[in-house]
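Quick notes on the structure that follows.
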Amino acid sequence: MNPPNSQNTAVRPRAQDGPTSPQILQPSGWPAPKGYANGMTADGRLVVTGGIIGWDQHGHLPTSFIAQVRQTLSNISAILSEGGARPEHLVRLTWYVVDMEEYLANLKTLGRIYREIFGAHYPAMALVQVVRLVEKTAKVEIEATAIVPR
C-alpha cells in the first residue's frame with residue numbers, strides 16, 4: 001500500500017472504550033482497513049503468547065484448516081484470560097499459514113469464527129505464508145500481543 005504523503009495520524013478510540021483502552025492508529029487520508037487495524041497504541045501491562053496452534057486440551061490437533069483456526073483462537077482467548085486480558089485488549093496478531101490460498105478461500109468463515117471468539121475488535125495483524133510449522137500437521141500458528149489497561 002502506498003499511503004498518501006501525510007504525516008497526520010489519528011487515534012480512533014471505539015465508542016465503548018475508555019481513555020486507557022487500546023486505541024486504533026489510522027493515518028489521515030488512508031483507506032480504512034477491513035478486519036484489522038494499521039496500528040494500535042495502548043498503555044498498560046503486556047500479555048504475549050508464543051506461537052499458538054490448534055491443539056485442544058488433550059493434545060489433539062484437528063485436520064481441517066477451519067477447525068485449527070477456531071481452536072487456535074480459542075486457545076489464545078484462554079491464554080489472555082489467564083493473564084487477566086480480554087480480546088479487546090489485543091493490539092497485534094501475527095498469523096502464520098502453510099497455505100495462503102486456503103486462507104483466502106475461507107475469509108468469510110474465518111471472519112465469522114474470529115467474531116464469535118474475539119468480537120468485533122480488530123488489532124494490527126500480519127499474515128505470513130510459511131513452508132511448514134514445527135508441528136507437521138499444523139496449518140496455522142498465531143502469535144498474540146495484548147495490553148491490559150492500567
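The values are calculated or read from the model by the stated rules, or taken from the named source; none is laboratory data. For clarity, every value in this text was computed on a predicted model and none was experimentally measured. Ideal geometry is used to build each Cβ from the backbone, glycine not excepted, and the neighbour counts take in all protein chains shown.
Observations on the structure shown:
- Single residue of the stretch 16-40 satisfying the filter (hydrophobic (A, V, I, L, M, F, W, C) and assigned to a loop (DSSP other than H, G, I, E, B)) that is modelled with the lowest pLDDT: ALA32
- Test: residue in the stretch 85-98 that is touching a strand residue (DSSP E or B) at 6+ places or on another chain (Cβ under 8 Å), free of Cβ contacts under 8 Å to residues at least 60 places away in the same chain, over 16 Å from TYR122 (Cα atoms) and among the aliphatic types (A, V, I, L, M): yes
- Among the residues examined, GLN129 qualifies as closer than 26 Å to LEU25 by Cα and surrounded by 12 or more Cβ atoms within 10 Å (Cβ to Cβ).
- Summed over the stretch 59-78, the residues that are loosely packed, with under 14 Cβ neighbours inside 10 Å and modelled with pLDDT of 95 or more give a count of 4.
- Residue in the stretch 89-98 that is touching a His at 6+ places or on another chain (Cβ under 7 Å), under 14 Å from ALA144 (Cα atoms) and surrounded by 16 or more Cβ atoms within 10 Å (Cβ to Cβ) present: yes
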